[in-house]
Amino acid sequence: MQGFFARALERKKTLIFLAILTVLFAVLGMCVINSPAVYEYHLTVCDSFLTDICYSDTNVFIIFLQRAGGCALLALLILVGGIHPVALLLPIAVLVYRAFTFGGSVYVFIDFYKISGAMVVIILYLPIHLASDVILIFAATITCGRAFHFSFCRADFWGIVCDFFTVLFFIALVYLAEMLLLLALFHPIGKIL
């Protein structure tokens, strides 16, 4: 696991570029929200977050599996982008879309839901989203390093599999923290099973 982060930190320029790209598209997501179609899309995302996660009747373990599984799928898409330089468009597209949606959703949470939306953003949405984005940015950095040296041999495929399970471990930790926050703040304790 230490090797995972060490390999990403060796590529500081790529890591910084991807982090800046993510921040820029999050800000862009906040700025282009004035279009009615874009606002409506982000309002739907926020409503879904509130009804399906925060105030859902579904038990939190199922929510944990759904959220961690969705993020794991994004991580897999990012890591598969390391098979060829052209495939690097996939991790960049995932990060850009995720950042754009994040920025717009934060704006809508605060604009539409006012104080309660700001509380949800500060307590749950922002920390969980940022933690998972950091993991995905590290995965994308490793993917960028792998793409130019990938040779379709067993060792390279095994490297992707090992990186996926490392990312999966950290994603599980992030969404376990979300599950605990949901239990503490939004769901009754009896909803764990």
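Quick note: the coordinates plus some simple rules give every number you see, no bench work behind them. None of these values were measured; they are calculated from a predicted model. Please note: Cβ atoms are built from the backbone with ideal geometry, for glycine as well, and neighbour counts cover all protein chains shown.
Can you work out the PRE-style zone for residue 156? Point 7 Å along Cα to Cβ, and I want the residues of the range 67-100 with backbone N under 16 Å.
79-89
Looking at the chain as a GNM with Cα springs under 10 Å, which of 53, 20, 142 has the largest mean-square fluctuation?
Among 53, 20, 142, the largest GNM mean-square fluctuation belongs to 20.
Taking only Cα atoms, what is the 0 to 90° angle, nearest 10, from helix 60-80's long axis to the longest principal axis of the chain?
Helix 60-80 and the main axis of the chain meet at about 30 degrees.
Per q in 0.08, 0.15 Å⁻¹, report the Debye log10 I(q)/I(0) for the chain, using one uniform scatterer on each alpha carbon and no solvent.
-0.28, -0.93
With a 10 Å cut-off between alpha carbons and a GNM built on the chain, which of 128, 110, 92 moves the most?
Highest fluctuation among the options: 110.
Based on C-alpha coordinates, I'd like the Rg and Dmax of the range 1-96, in Å.
In order Rg, Dmax, the Cα atoms of the range 1-96 give 16.8, 45 Å.
Please tell me the relative contact order of the chain in percent, rounded to the nearest whole number, where contacts are Cα pairs under 8 Å and at least six residues apart.
The value is 37 percent.
Which one, 140, 99, 125, projects farthest toward the positive side of the charge dipole computed for the chain from Cβ point charges (K/R +1, D/E -1)?
After comparing all options, I get 140.
What's the FRET efficiency of residue 47 with residue 5 using the Cβ-Cβ distance as r and R₀ = 45 Å, to the nearest 0.05?
E between residue 47 and residue 5, to the nearest 0.05, is 0.80.
Applying 1/(1 + (r/R0)^6) with R0 = 45 Å to the Cβ-Cβ distance of residue 13 and residue 58, what FRET efficiency is obtained, to the nearest 0.05?
My answer for the efficiency is 0.60.
Taking the Cα atoms only, what angle lies between the long axis of helix 89-120 and the longest principal axis of the chain, rounded to 10 degrees?
It works out to around 20 degrees.
Charges on Cβ only, +1 for Lys and Arg, -1 for Asp and Glu, centred on the Cα centroid of the range 2-192; of 26, 115, 44, which one is farthest towards the dipole's positive end?
After comparing all options, I get 26.
Report, to the nearest 10°, how far helix 154-185 tilts away from the longest principal axis of the Cα atoms in the chain, using its own Cα long axis and a range of 0 to 90°.
20 degrees
7 Å from Cα along Cα→Cβ at both residue 40 and residue 180: what's the point-to-point distance in nm?
Label-label distance for residue 40 and residue 180, simple model: 4.1 nm.
Looking at the range 95-193, I'd like the Rg to Rh ratio, where Rg is from alpha-carbon atoms and Rh is Kirkwood's inverse mean 1/r.
1.11
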